[in-house]
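Reviewing the structure listed below.
None of the figures in this text is laboratory data; all of them are computed from the coordinates on show. These numbers were taken from a predicted model, which means no experiment stands behind them. Virtual Cβ from ideal backbone geometry, glycine too; neighbours counted across all protein chains shown.
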Amino acid sequence: MFTLRRSGHFWSPIVPNLRLRFPRPIGGPTGTPIATTRSLSFERTAPSSEKLGSNSLAATVSKARIPNYHIPNLWAGYSRIQNRYQSYSTMASNTTPPTAAGTTPESRLRPKLSELAATIAANAKIVEDYIEAQGLPYPSFAADGPTNFPVPQNGETQKIHEARQELLTASKHIYDLATGPNEFLRWLVWNYNDVSTLHVVTAFNIPEIVPVDGDISYAEIGEKCNLPELKIRQVLRLAMTNRIFYEPRHGYVAHTAQSRLLREDPLMRNWISYNTDDLAPASLQVVDALKKYPGSGETGETAFALAHGNESLFQFLGARPERAKRFGTAMSAFSTGQGYAVEHLINGYDWSGLPKDATIVDVGGATGFVCVELAKSYPEFKFIVEDKVKPQLELGEATLDPALKPRFSYVVHDFFTEQPVKGADVYLIRWCMHNWSDKYAGIMIKSLVPALKNGAKVIINELALPDPNTANPWEERRIRTLDVVMMMCLNALEREEGDWKRLFAEADPRFRFEGVKQPPGCLMNIVEATFVDE
Ligand SMILES: C[S@@+](CC[C@H](N)C(=O)[O-])C[C@H]1O[C@@H](n2cnc3c(N)ncnc32)[C@H](O)[C@@H]1O
């Protein structure tokens, strides 16, 4: 029996400044509703010195303001807050959660199931506690689940994201280990069936046909797609094993979070259809391309070209405006987001080390949007945006803030020909060189040389691949896949630091290679070389 019959408050003996306030008398035997006062609340004034703990706790406390308490629930909530405070305090004091990665290549080959399971449990708890404490939407497969993992990416959540990464890595390891090599390989090669079912789902617009709320029979979907019910059932039941739709009752189909995303996100639809229509056929030609053109660096001698009537990717897109538009949208689905934000380039390079009125040439700069951002921070810099595609430059010029106009000019230029702007301080090349083999990347750098004054900088902003096993496994798979896609489509590649260094050395011995940087939180790198001609 627990009854409170006077107004007042309790101070938590564990959490500084946390109190349970009940300004009006409340009462009732254990387990029965207590007086319906809406002013019953947890309160806490967090000292500013407490970072992670206090912010998370603040959300927990505000979530706890619920009317119609039962006394036991109230105390459960009170002690939950205290427990959470203790777990955040531990996290804030830099306790490292268990990790799945071994420390040597050999130890990575021999993980133990029980240790992986412990890693999963510990890191899942960290992530889950944070989500609940912040009142974030809980991850779910259900149609109303969040479309992205709900923890935002910022300095304060770094430890939570590290824990999530450990969770993902250990989960993949334990799954693969428990599968065993024989089954693993047998299923790996069947992954094309996942792609082909996804292709059917998107090509026949099935996410549109399935209602957002409720369900629809296989027969009705078949009628709308002009396909037999049985075939729809075959395809969708495999797709469902990837949680694309589910079957709430026998013979009926409803949305999951993933199928809803296919319905509602045009970027995602473009990304999928570009891959299924344009790239998947090329992937089946990689072996033939390697046999036919083993050492080629030409864009027309690729798996893509073999799959698409001997047209290079650029020729293919140039002749098909609709596909080109879809390609553009698909690319933005891949390379937008926090890790690719231009601000990393603005904040991650020492622009203030340049002369105050420096001239920056943005080679292959499209609309010049990178320079526009740079111009905001460096009010005396001047910018020349170059691109081969005139409409992009025209768009940039037409949409430029009038206040910036005196500092900007736009020049049609092919970056494989001699650089027309002589004596600039910086030649910036962002997201252009990974489209080209070393043969052409070398020509791009050599074409700059006649324009370079002593001390001029060449800054390249794209990837510099890390050594194997130094990135987290998830990121490693992303960049290695991208690297192979560049080969398949264009005989191009993502480069390592050594590749960048060699490119500059081969282009001209007067280049001093300054190295590669990766701004914190950025998925791209900044490669820098100085032209030294004294
Ligand atoms: C992937 S986009 C990068 C655009 C921009 N730099 C950025 O950071 O997003 C590649 C750019 O290179 C341009 N481009 C392609 N071939 C070119 C060439 N031969 N000369 C100049 N620009 C070219 C394209 O028009 C496109 O704007």
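Restricting to DSSP loop positions (anything but H, G, I, E, B) with no more than 16 other Cβ atoms inside 10 Å of their own Cβ, which GluC sites (Glu not before Pro) remain in the stretch 309-414? All intermediate terms of the calculation are to be shown ahead of the outcome.
On the way: sites: GLU311, GLU322, GLU343, GLU373, GLU380, GLU386, GLU394, GLU397; in loops: GLU311, GLU380.
Here the GluC sites (Glu not before Pro) that fit, given the DSSP loop and packing criteria, are GLU380.
With a sphere of radius 9 Å drawn around the Cβ of ALA257, what net charge do the other residues whose Cβ falls strictly inside it have (Lys, Arg +1; Asp, Glu -1)?
On the way: positive: ARG243, ARG260; negative: ASP144.
Local net charge: +1.
Qualifying trypsin sites (Lys or Arg not before Pro) in the stretch 100-166, where qualification requires a DSSP coil assignment and no more than 12 other C-beta atoms within 10 Å, comprise LYS112. For the stretch 195-225 and the stretch 241-261, write down the distance between their C-alpha centroids in whole Å. Here the two parts' Cα centres lie 10 Å apart. For the stretch 108-184, the relative contact order is 40 percent, taking Cα pairs closer than 8 Å that sit 6 or more residues apart in sequence and dividing their mean separation by the residue count.
Per the Cα gyration tensor, the stretch 190-264 maps to an equivalent ellipsoid with semi-axes of 16, 14, 12 Å, ordered largest to smallest.
Which entries of LYS405/LYS446; LYS457/LYS501; LYS376/LYS501; LYS292/LYS439 show an alpha-carbon separation above 23 angstrom in the structure shown?
Working: LYS405/LYS446 30 Å; LYS457/LYS501 14 Å; LYS376/LYS501 31 Å; LYS292/LYS439 19 Å.
From the list (LYS405/LYS446; LYS457/LYS501; LYS376/LYS501; LYS292/LYS439), the Cα-Cα distance tops 23 Å for LYS405/LYS446; LYS376/LYS501.
By the scheme Lys and Arg +1, Asp and Glu -1, what is the net charge of all other residues having a beta-carbon under 12 Å from that of GLY396? For residues surrounding GLY396, the net value is -4. Measure out, as a whole number of angstrom, how far apart the alpha-carbon centroids of the stretch 156-185 and the stretch 383-402 sit. The stretch 156-185 and the stretch 383-402 have Cα centres separated by 45 Å.
Given +1 at the Cβ of Lys and Arg, -1 at the Cβ of Asp and Glu and no other charges, the dipole of the stretch 233-277 around its Cα centre is 200 debye to the nearest 20. Between the amide H of GLU514 and those of GLU528, ALA529, THR530, distances stay under 5 Å, these residues lying 5 or more places away or on another chain, with hydrogens modeled in the peptide plane.
Computed from backbone phi with θ = phi - 60° and the Karplus coefficients 6.51, -1.76 and 1.60, the 3J(HN,Hα) list for the stretch 206-212 is 5, x, 6, 6, 6, x, 4 Hz; x is used for glycine and proline.
Of the peptides 405-415, 437-447, the order by per-residue mean of other Cβ atoms within 10 Å, starting with the highest, comes out as 437-447, 405-415.
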